[in-house]
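**Student:** One structure, as structure tokens, below. Some questions next.
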Amino acid sequence: MRNPYEVLGVAATASAAEIQSAYRKLAKKLHPDLNPGDKAAEEKFKEVAGAYDLLSDAEKRKRFDSGEIDASGAERPQHNFYRDYASSDQGHPYADTSGFADFMDTDDAFAELLRRGQRARANRRGQDMHYRLPIDFVESITGANKRLTLPDGSTLDVKIPPGLVDGQTLRLKGKGAPGAGKGGAGDALIEVEVLPDRRFTRDGDDISLEVPISLTEAVLGGRIRVATPTGDVTVTVPKGANTGTTLRLKGKGAPRRGGGHGDELVKLKVVLPKSDPELDAFVMNWSKGKEFNPREDRI
């Protein structure tokens, strides 16, 4: 540890009043309650409080000046007494109120700030804990009950609301780290990752999927089974359907915030058989088919 006189910025001949004044000036500048989240300021405050704890005690100061103890308050030589010192609170000036005891006897605003800070630390709320939970696409639409295994082996039961989107964060009150004293536990913040689905894609409240149909179904129409997030349904393919023809299934999409559901868009895709001599022969003799130009409207 640094020389306590250097830490406080005073001479070795400084009076008790000068030492107290220097300490008050530095404490008001560096105290953690005035610098929330500033770890560097907190460490400097601990050093300043430790220096003042030593120099404000006439007996400790006398022993330090005579070389009987070092800047940390440990006896010299240090190795004879290190174990006793390391287990004491002397090396942690911010762990108790001794570092700013003089302030507690005053009625100024800074003293009250210190008192509030002390109470807050004694009843500190627990930290929020962050987790990531992968779920299936269908679960994001219909909702689900999931169990999340935590790094320590414990588990959390998570209710997935219907209509949840990728990246949305769920907050479980009181399921985070425990607090201190009367401070309550923090929350568990669970970011949900919606896994891709080989069938469905989502666009707002609507979902879509591509469904292959045969040439016969495209020409003559027919009834086919189509997947939805809540199970398969039967739909009618109209006569003369083409690749790109889209069927709309009302209310089979994701839940809407204001109530109701989006739709499911079924995009048809005509798929020919790999090889069929009979089909080849039919097309060869199909004169109207040869006359039809599907690109005519695009020229």
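A short reminder: the numbers here are calculations on the coordinates, not readings from a lab. Note that the structure is a prediction, hence the values are computed from the model and not measured. Every residue, glycine among them, receives a Cβ derived from its backbone with ideal geometry; neighbour counts consider all protein chains shown.
**Student:** Here are some pairs, K25/K62; K159/K182; K146/K269; K39/K182; which of them have Cα atoms lying more than 32 Å apart in this structure?
**Tutor:** With Cα atoms farther than 32 Å apart: K146/K269.
**Student:** Let's see if you can work this out: charge +1 on each Lys and Arg Cβ, -1 on each Asp and Glu Cβ, no other charges. What is the dipole magnitude of the range 201-298 about its Cα centre, in debye to the nearest 20?
**Tutor:** Roughly 280 debye, rounded to the nearest 20.
**Student:** Calculate the radius of gyration of the Cα atoms of the range 129-194 to one decimal place, then report Dmax, the largest Cα-Cα distance, as a whole number, both in Å.
**Tutor:** According to the Cα coordinates of the range 129-194, Rg and Dmax are 12.8, 43 Å.
**Student:** Taking the dipole about the Cα centre of the range 218-263, with the C-beta of Lys and Arg at +1 and of Asp and Glu at -1, give me whichever of A254, L220, T234 is farthest to the positive side.
**Tutor:** Sorting the options by dipole projection puts first A254.
**Student:** Can you compute the modelled spin-label distance between Q20 and D152, with each label point 7 Å from Cα toward Cβ, in nm?
**Tutor:** According to this spin-label approximation, the distance is 4.5 nm.
**Student:** Based on the mean of other Cβ atoms within 10 Å per residue, sort peptides 180-193, 283-296 so the most packed one is first.
**Tutor:** 180-193, 283-296
**Student:** A further question follows. Once label points are set 7 Å from the Cα along Cα→Cβ at both K44 and W286, what is their separation, rounded to one decimal in nm?
**Tutor:** Here the modelled spin labels are 8.4 nm apart.
**Student:** Run the quick spin-label model on T245 and M1: label points 7 Å from Cα toward the beta carbon, then report their separation in nm to one decimal.
**Tutor:** 8.6
**Student:** Need one number: % antiparallel among DSSP beta bridges in the range 178-281, to the nearest 5.
**Tutor:** 65
**Student:** Another one. Of all beta bridges DSSP finds with both residues in the range 129-194, what is the antiparallel percent, to the nearest 5?
**Tutor:** Antiparallel bridges: around 60 percent, rounded to the nearest 5.
**Student:** Which whole-number percent gives the relative contact order of the range 201-298, counting Cα pairs below 8 Å spaced six or more residues apart?
**Tutor:** Averaging sequence separation for qualifying contacts and normalising by length gives 29 percent for the range 201-298.
**Student:** When ranked by the protection proxy of mean other Cβ atoms within 10 Å per residue, highest first, what sequence do the peptides 211-220, 238-247, 134-143 form?
**Tutor:** Highest mean packing first, the order is 134-143, 211-220, 238-247.
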